[in-house]
1. With +1 on each Lys and Arg Cβ and -1 on each Asp and Glu Cβ, how big is the dipole of the chain about its Cα centre, in debye rounded to the nearest 20?
2. Can you say what percent of the DSSP beta bridges in region 86-206, counting only those with both residues inside, are antiparallel? Round to 5.
3. Counting only Cα atoms, I'd like the Rg/Rh figure for region 86-206, Kirkwood definition for Rh.
4. Working from Cα positions, state the angle (0 to 90°, nearest 10) between the long axis of helix 102-111 and the longest principal axis of the chain.
5. So for the chain, averaging the separation of alpha carbon pairs under 8 Å that are six or more residues apart and normalising by length, what relative contact order in percent results?
6. Angle, helix 122-134 long axis vs. longest principal axis of the chain, Cα atoms, 0 to 90°, nearest 10?
7. Using the count of nearby Cβ atoms within 10 Å as a rough guide to exposure, how do Trp175, Trp155, Trp102, Trp167 rank from fewest to most?
8. Nearest-5 percent of antiparallel DSSP beta bridges in the chain?
Amino acid sequence: MAVLGLKLFLSTLCILCMINLVACNKVGKLQDDLNKLKEEVSALESTVDQNGDELDEMEEKCSSTQKCCAEIAELRKMIECTITGRILGKSCYLLSSRSETWHEAVNSCSKMGARLVEVNSKMVNDLLTNIRKAANVFDIWLGGSDIETEGIWKWESSKQHFSFTNWGNDQPDNWYTEDCLHNSGDSGLWNDVRCTTSYRYICEFAM
Ligand SMILES: [Ca+2]
Ligand SMILES: [Ca+2]
């Protein structure tokens with residue numbers, strides 16, 4: 001009886017050992033799988049970091065190229081002004097080829113590295129009038145407005161108040177809300193008109 005009990009005990013012990021061995025093997029395999037996964041995650045993280053660095057580098061190059069392209073475009077316009085525009089003092093004046101609203105004209109000149117023209121003397125106003133008339137254009141935008149405060153006229157780029165004016169009779173009259181300045185007619189008289197009107201314009205480049 002005692003022998004039978006001992007055999008039973010040993011058999012049970014053996015089965016438990018085998019179960020334990022199988023479990024140990026499974027744990028070992030899981031540990032291996034986990035280590036492999038960790039290695040793969042680490043490799044992926046490294047790839048993401050590398051790609052991130054490459055993206056940063058590409059973004060930097062792109063930004064630098066765009067800046068360079070913008071500078072070349074500005075330079076090209078400046079050269080165009082010196083060839084086809086008119087130079088007076090330290091400014092070069094270039095008549096636009098198309099008509100735009102006053103705000104569009106301000107932006108277009110700015111994109112060229114210039115400003116919508118500012119007029120501080122009769123000499124400049126006469127020059128602009130001549131440029132306009134030579135191109136058979138009746139109206140051109142100038143870079144002044146009283147958008148900010150009604151009746152207070154300032155140049156858009158320099159923010160300076162007018163030191164010279166050439167207003168036509170009874171102008172500016174703010175007729176139905178006119179806030180933007182243009183030069184027109186044989187004498188290059190000034191008038192205020194609605195800013196949404198489309199006129200050609202003159203960009204002023206600093207030389
Ligand atoms: Ca006004
Ligand atoms: Ca008016």
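1. Working: 21 positive and 31 negative charges, 117 e Å.
Dipole about the Cα centre, nearest 20: 560 debye.
2. Values: 24 of 27 bridges.
Within region 86-206, antiparallel bridges account for around 90 percent of the total.
3. Working: Rg = 12.8 Å, Rh = 14.0 Å.
Value, to two decimals: 0.92.
4. In the chain, helix 102-111 runs at an angle near 60 degrees to the longest axis.
5. Computed over the chain, the figure is 23 percent.
6. 80 degrees
7. Ranked by crowding around the Cβ, least crowded first: Trp175, Trp167, Trp155, Trp102.
8. Values: 24 of 27 bridges.
The antiparallel proportion sits near 90 percent.
Only the coordinates and a few stated rules stand behind these numbers; no lab work does. Fair warning: this is a prediction, and the values are worked out from it, not measured in the lab. FYI the Cβ positions are ideal-geometry reconstructions off the backbone, even for glycines, and counts take in every protein chain you see.
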